[in-house]
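Here the structure comes first, spelled out in structure tokens, and everything after it is commentary.
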Amino acid sequence: MEELAINGGPRAAEPLEVPEWPQLNDASKRYVEESLESGDWCRNSGGEFCDRLEEEFAVYHDAAHAIAVANGTVAIELALRACGVQPGDEVIVPSYSFIASASAVPAVGGVPRFVDIDVETYNIDLDHLEEVITDRTVGIVGVHFGGYPMDMDRLTDIVEDNDLFLIEDAAHAQGSEWRGEKVGTFGDFGTFSFQESKSLPSGEGGIVVTDDDVLADRARLMHNIGRRQGATGYYHYHLASNRRLSELQAALALGQLEKLDAENEARERNERVLLDELESIDGIHTKPRDNRVTARGYCVENFRYDAEAFDGLSREQFIQALNAEGVPVGEGYEMPLYRQPAFYRNEVARFLPADAEIPDYPNLHLPGVEEICRTNVAYSHRMLLADEAGIRSVADAIRKVQAKASELLSD
Ligand SMILES: Cc1ncc(COP(=O)(O)O)c(C=O)c1O
């Protein structure tokens, strides 16, 4: 076997060409130009692209309503507000995600309660979910992490049995399906992000979907500083912020939506090839294949690394060696969300009523998420848009590092 690339040898993943992201397509270009030329750059001055995006997104999800917003963070905040979270109410959040999945809760006056993560799926651990429900719990924000759907059979039962609301944070899951239905449509709200790294990007942007007419009406008012959409005059029915999406970004997202399914199909084909390879490598733990997941959306992809199967090579060294071989992987989120400095008591307290019971976040220990933070290896959905030979070379690179791990240890 050739020398490791980190020691000056040839790169095992030479065939891997990871496409640039985001990718401008003709439809996005045309819609943005149309929006620019219309002179209606704000939906409140008669622009059509927020309306069109909402219609197309709702149809795509078979949802009754979609409301375009400025980003995926305010999408969650809007959904929480529309669900009626009151100061001091507890909302259960995942301990492994981008911080917005949890920080949206104190942003609306609620107390986040972290639940552990299932190491197999990277989603909320449903075996431990009910343990964190208290008499102050009003709802759950669950993330379809990396586009891999949460088990909606079990989760919707738990939500119903405990009379909670459910917000599905589907920022990673544009196009994912559970038993033939798009994720984001099982709970009271589904929330999405169009931030540039996501698989449906518009730079910044987001959207919420719901089937509930009352929640939709409330969310629509609250996304538009409490004002009725399309109404003239200055009547404001809620004290609410401006969370509207700009017309230009809606035009961009609308164009990107046209290529989402074809890209997801290509990613899914490549993921199958990669899983076939990775599942045969000792020490690489991939997510389970579940035939209730009928379509996959993608964002960050993950597998767990077991150093023992690599002669004790640390994850950091493994990642460095793979990077040198030409495979762009990283560690992903460094810590459970409850360890983030933003969750120090004094910081959270600023957002909550004086008598709110704030959990001792920095001293929380949840074994699943901590194992993930120690062992996770992450790569972007972009990699799954490479060609098949490139995808196979990822596994070749891992095998090469495994075969030669001891050489790195002696350095
Ligand atoms: C799971 C998750 N939720 C919410 C967000 C927030 O989205 P945005 O960056 O559009 O505010 C992100 C962004 O990375 C995310 O990964």
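The values are calculated or read from the model by the stated rules, or taken from the named source; none is laboratory data. Owing to the predicted nature of the structure, the values given are computational and were not obtained by experimental measurement. In this analysis, Cβ positions are derived from the backbone assuming ideal geometry, glycine residues included, and neighbour counts consider all displayed protein chains. For the accessible areas, the whole protein counts, side chains as well, though only heavy atoms, and no ligand, DNA or RNA atoms are used. Shrake-Rupley method; radii C 1.70, N 1.55, O 1.52, S 1.80 Å.
Among 133-140, 299-306, what's the highest-first ranking by average C-beta atoms within 10 angstrom per residue?
Numbers: 133-140: 17.2, 299-306: 20.5.
Top to bottom by mean Cβ count within 10 Å: 299-306, 133-140.
Per-residue ellipticity at 222 nm, computed for the chain from helices alone with -39500 (n - 2.57) per DSSP H run of at least four residues, works out to -11000 deg cm²/dmol.
Scalar couplings 3J(HN,Hα) for the range 180-194, obtained by applying the Karplus form with A = 6.51, B = -1.76, C = 1.60 to θ = phi - 60°, are x, 10, 5, 5, x, 10, 8, x, 5, 9, x, 10, 10, 10, 10 Hz; x denotes Gly and Pro. Ranking Ser314, Pro336, Gly326 by Cα position along the charge dipole of the range 309-361, where only Lys, Arg, Asp and Glu carry charges on their C-beta atoms, puts Pro336 farthest toward the positive end. For the chain, the membrane-span-like helices by this rule, meaning whole DSSP H stretches whose C-alpha atoms cover at least 20 Å of axis and whose Kyte-Doolittle mean is -1.0 or above, are 247-278, 388-403; this says nothing about an actual membrane.
Positive end of the dipole of the chain (Cβ unit charges, origin at the Cα centre): among Tyr122, Gly46, Val93, the Cα lying farthest that way belongs to Gly46. Listed peptides 84-92, 277-285, 107-115 appear in the order 107-115, 84-92, 277-285 once ranked by packing, highest mean of other Cβ atoms within 10 Å at the front. Considering only alpha-carbon pairs that sit under 8 angstrom and 6 or more positions apart, the relative contact order computed for the range 26-257 is 27 percent.
A straight line joining the Cα centroids of the range 279-307 and the range 203-233 runs 36 Å.
Computed over protein heavy atoms with a 1.4 Å probe, the carbon and sulfur contribution to the accessible area of the range 26-257 reaches 45%. Largest to smallest in accessible area, the residues Trp21, Trp41, Trp178 fall in the order Trp41, Trp21, Trp178 (1.4 Å probe, all protein chains included). Strictly greater than 21 Å: what percent of every Cα pair in the range 252-391 meets that? Within the range 252-391, distances greater than 21 Å cover 57 percent of Cα pairs. In this simple spin-label approximation, Glu334 and Ser197 carry label points 7 Å from Cα along the Cα→Cβ vector, and these lie 1.4 nm apart.
For a quick protection proxy, order the peptides 310-323, 164-177 by their average other-Cβ count within 10 Å, most packed first.
Details: 310-323: 18.3, 164-177: 26.4.
In decreasing order of mean packing, 310-323, 164-177 become 164-177, 310-323.
Please list Asp116, Asp51 in order of solvent-accessible area, largest first, computed with a 1.4 Å probe with all protein chains present.
Values: Asp116 15, Asp51 70 Å².
So, going from the largest accessible area down, we get Asp51, Asp116.
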